[in-house]
Amino acid sequence: MFILIWIRKIYKVLAADASPSAIAFAVLFGLTLGFVPLTSGLALLLIASLLVLRVQISSALLALGVGKGLSALGASTLFVPAGSYLLEPEGLHGFWTWFLNLPVIAWLDLHVHAIAGGAALGILLGLILFFPIRQTVIAYRRFLHDRVSTNKFFKWLTNFWLIKGLRFVFVGTAVEA
């Protein structure tokens, strides 16, 4: 049943009216949010940014779950070394002292190695996945969704009672084909 919920969410994301860039930015925000503790100031800023900016919330929540899952599977062991690599170089010590003591930045807990490393790795992974996700959404909408939606056989098939029941189970009632 858990896999059916994930399939339903992915289909709703692909068939939604949001732009492909909004979906890709939501994945970036969600992965970054998934790699930092939810009680940190940075996580609260990311949550506020999700609500203010025009990104797709369901994509961000899906990426948040993936990010937390990756963290639980062992990616969190890389956060402290990555944060140390960012914050500890002697040449950047003056910059980090100035930057981390700025009025709003001080509330984000970026002085903690695990939070800085998790945020850096989340942004890096989100940027790596940004263009492939954007192109995947564009390709799905251009080739599959339009062709399948206008096909006469598909229209007949979607009105069949068995298919209506399966669509209700897999997709839900809010998505129209």
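For the structure I just gave you, tell me whether Gly91 is part of a helix (DSSP H, G or I), small (Gly, Ala, Ser) and exposed (fewer than 12 other Cβ atoms within 10 Å of the Cβ).
yes
Applying the selection to region 118-130, what residues are β-branched (Val, Ile, Thr) and either over 26 Å from Leu70 (Cβ atoms) or in contact (Cβ under 8 Å) with a residue 12 or more places away in the chain (or both)? Explain how you work it out, then say what you get.
Initially, region 118-130 is screened for residues β-branched (Val, Ile, Thr), giving 123, 128.
Residue satisfying the conditions is Ile123 alone.
Please go through region 14-56 and give me each residue that is closer than 30 Å to Gly165 by Cα and either hydroxyl-bearing (Ser, Thr, Tyr) or free of Cβ contacts under 8 Å to residues at least 60 places away in the same chain (or both), ordered by number.
We begin by selecting, within region 14-56, every residue closer than 30 Å to Gly165 by Cα; these are 14-20, 23, 56.
Result: Ala16, Asp17, Ala18, Ser19, Gln56.
Among the numbered conditions (1) within 28 Å of Arg141 (Cβ to Cβ); (2) in contact (Cβ under 8 Å) with a residue 40 or more places away in the chain; (3) buried (at least 16 other Cβ atoms within 10 Å of the Cβ), tell me where Ile115 comes up short.
Single failed check for Ile115: (1).
Output the number of the condition that Arg54 fails; it satisfies all remaining conditions of (1) closer than 26 Å to Ile7 by Cβ; (2) part of a helix (DSSP H, G or I).
That leaves (2) as the condition not met.
May I ask you to list the residues in region 49-85 that are within 16 Å of Leu110 (Cβ to Cβ) and of a type in the set (Gly, Ala, Ser)?
Across region 49-85, the qualifying residues are Ser49, Ala82, Gly83, Ser84.
Only residues that are more than 11 Å from His113 (Cα to Cα), touching a residue at least 24 places away in the same chain (Cβ under 8 Å) and among the hydroxyl-bearing types (Ser, Thr, Tyr): list them for region 73-88, please. Reasoning before the result, please.
Going residue by residue through region 73-88, those that are more than 11 Å from His113 (Cα to Cα) are 73-77.
Retained after the next criterion (residues that are touching a residue at least 24 places away in the same chain (Cβ under 8 Å)): 75-76.
Result: Ser76, single match.
Output the residues belonging to region 24-48 that are among the hydroxyl-bearing types (Ser, Thr, Tyr), crowded, with 16+ Cβ neighbours inside 10 Å and not in a helix (DSSP H, G or I).
Initial filter on region 24-48 (among the hydroxyl-bearing types (Ser, Thr, Tyr)): 32, 39-40.
Okay, now just the ones that are also crowded, with 16+ Cβ neighbours inside 10 Å, so 32, 40.
Passing the criteria: only Ser40.
Please go through region 118-136 and give me each residue that is touching a helix residue (DSSP H, G or I) at 6+ places or on another chain (Cβ under 8 Å), surrounded by fewer than 16 Cβ atoms within 10 Å (Cβ to Cβ) and under 22 Å from Val80 (Cβ atoms), ordered by number.
Residues satisfying the conditions are Ile123, Leu127.
Of all residues being at pLDDT below 70 and surrounded by 13 or more Cβ atoms within 10 Å (Cβ to Cβ) in region 137-156, which is nearest to the chain's Cα centre (by Cα)? Just the residue, please.
So, considering only residues that are at pLDDT below 70 and surrounded by 13 or more Cβ atoms within 10 Å (Cβ to Cβ), the one nearest to the chain's Cα centre (by Cα) is His145.
Residues to consider are Leu108, Leu64, Leu51; find the one that is out of contact with any His (no Cβ under 6 Å at 6 or more places or on another chain) and surrounded by fewer than 16 Cβ atoms within 10 Å (Cβ to Cβ).
Numbers: Leu108 fails: surrounded by fewer than 16 Cβ atoms within 10 Å (Cβ to Cβ); Leu64 fails: surrounded by fewer than 16 Cβ atoms within 10 Å (Cβ to Cβ).
None of the other options fit; the residue is Leu51.
Suppose we filter Ser71, Ser21 for residues that are closer than 16 Å to Ile123 by Cα and surrounded by fewer than 17 Cβ atoms within 10 Å (Cβ to Cβ); which single one remains? So that I can check it myself, show each step before the final result.
Numbers: Ser71 fails: surrounded by fewer than 17 Cβ atoms within 10 Å (Cβ to Cβ).
Residue meeting the stated conditions: Ser21.
The values are calculated or read from the model by the stated rules, or taken from the named source; none is laboratory data. Everything quoted here is computed from the prediction, not taken from an experiment. A quick note on method: Cβ atoms are made from the backbone with ideal geometry, for glycine too, and the neighbour counts reach across all protein chains shown.
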